[in-house]
Amino acid sequence: MQRVRYVFEAKQIPYQHVEVDLREKAKWHLDVNGGFIPLLETPDGRIVYESAVVAEFAWNYTDKGIPVWPHQAKPGDLDANMGTAAMRLEIVKFDKMMNDFSFWGALLSRFQNEEKVAALKAGLPQFEEFAKTNLNGKNFFGGDAPMYLDFHCCPIFERLVLLENSPWQHAWDALDVANTCPTICELVKRWREHPVMKPIAVNKACNDKHLEHWLTKEPGVKAQLSLDYLTPLDA
Ligand SMILES: N[C@@H](CCC(=O)N[C@@H](CS)C(=O)NCC(=O)O)C(=O)O
């Protein structure tokens, strides 16, 4: 969800950001895609969903903003196109690691399933190595500016880093994120401070409320994102 917002900002596409309460899904939303976000609706009412599809829509829609793939800055250039292909392969590698090390499984267990947490903890050095290799001494995977590999990975890394001083501090401690993933922590800091991301970066207070609410659920039951998290912050 967050990934799509970051890409829309980076491509300077004007959009209306609409928050929905996933605890009280509207019928139209359930009918469209079972009530999942993100979802993009054009002014004339056409809808696409699935974050990967909506992100692809954004980078194809306009040349404005940040070029998110190496070839976009240099169409027809062999090296630049190979750069895009290499970046796509890194995304495949990252997704495989997410799967192999049970990232979502551990998160959905609120980092309380010992087996899943252990699997993720064992994989974290590989995520760190992945980050180091792809940064290659630069600020972002894309070099001086973020590119799609950053958009793909940083929203995930952000979830890890936001565990610090959160209601899920147990996860931050169990995974030993600070010591195992210093490169990732630094990358997330730069990402959240980047002028394009900063205004829309995940709000830590809202995220904490979500994590806190999640702890009130039965184990294995996911807390739905709610507008309640926003209300006290606006007040
Ligand atoms: N594959 C979908 C997954 C989207 C997804 O799971 N979104 C969550 C919020 S981050 C959601 O809508 N959850 C509602 C639900 O679980 O009913 C995508 O990438 O767009």
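Values in this text are rule-based calculations from the coordinates and carry no lab data. Fair warning: this is a prediction, and the values are worked out from it, not measured in the lab. Ideal geometry is used to build each Cβ from the backbone, glycine not excepted, and the neighbour counts take in all protein chains shown.
Working only within segment 49-78, note down all residues that are assigned to a helix (DSSP H, G or I), away from the ligand (no atom under 16 Å from the Cβ) and either within 17 Å of the chain's Cα centre (by Cα) or without any contact (Cβ under 8 Å) to a residue 24 or more places away in the chain (or both).
Asn60, His71, Gln72, Ala73, Leu78
What is the one condition in (1) in contact with a Cys (Cβ under 9 Å, 6 or more places away or on another chain); (2) at positive phi that Asn165 does not satisfy?
(1)
I'd like the full set of residues that are of a type in the set (Lys, Arg) and farther than 14 Å from Cys153 by Cβ, limited to segment 174-195.
Result: Lys189, single match.
Of all residues being within 14 Å of the ligand (Cβ to nearest atom) and within 30 Å of Met147 (Cα to Cα) in segment 9-21, which is surrounded by the fewest Cβ atoms within 10 Å (Cβ to Cβ)? Just the residue, please.
Val18
Here is a list of conditions, (1) buried (at least 17 other Cβ atoms within 10 Å of the Cβ); (2) in contact (Cβ under 8 Å) with a residue 40 or more places away in the chain, and Leu215 meets all of them except one; can you say which number that is?
For Leu215, the exception is condition (1).
For segment 210-227, name all the residues that are among the hydrophobic types (A, V, I, L, M, F, W, C), in a loop (DSSP other than H, G, I, E, B) and within 13 Å of the ligand (Cβ to nearest atom).
Once the filter is applied, which keeps residues that are among the hydrophobic types (A, V, I, L, M, F, W, C), in a loop (DSSP other than H, G, I, E, B) and within 13 Å of the ligand (Cβ to nearest atom), segment 210-227 yields Val221, Ala223, Leu225.
Provide a single number: the residues in segment 22-46 that are more than 11 Å from the ligand (Cβ to nearest atom) and surrounded by 13 or more Cβ atoms within 10 Å (Cβ to Cβ).
So the answer is 2.
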